[in-house]
């Protein structure tokens, strides 16, 4: 299985990869994970800079619908180039982002097969 992995705001693909390393080691070796940085730079999430150096990213920079659609376009381009995926793993902003994307793109079932979705949003 192949997973698209989306980090929380103020972190990065590298940080999310490190944060999930122990969990991922428990899964079959055939599972692969594609960690994607958000397109916008961001200030670090609370406490992140104590353990991880910049850069830090976000998937969107505003709640304005046009800004979110722009971010959806970024993700769709990534999926078109690197997909398809069997599932998605998201944390915090990555979780909200992929949930909105999937609702917005309900007709694109071939891009993420939705065999497995693992989201965690702690607020």
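I need the Kirkwood Rh of segment 2-120: take the reciprocal of the average 1/r across all distinct C-alpha pairs and report it in angstrom.
One decimal place: 14.5 Å for the Kirkwood radius.
An oblate overall shape is assigned to segment 4-73, the ratio a/c of its alpha-carbon gyration tensor axes (a ≥ b ≥ c) being 1.5 or greater and a/b not exceeding b/c. Taking 8 Å as the Cα distance limit and 6 or more residues as the minimum spacing, I'd like the relative contact order of the chain as a percentage. Contact order relative to length: 31 percent.
We did not get these values from a lab; they are worked out from the coordinates using the rules stated. Note that the structure is predicted; figures quoted are calculated from it, not measured.
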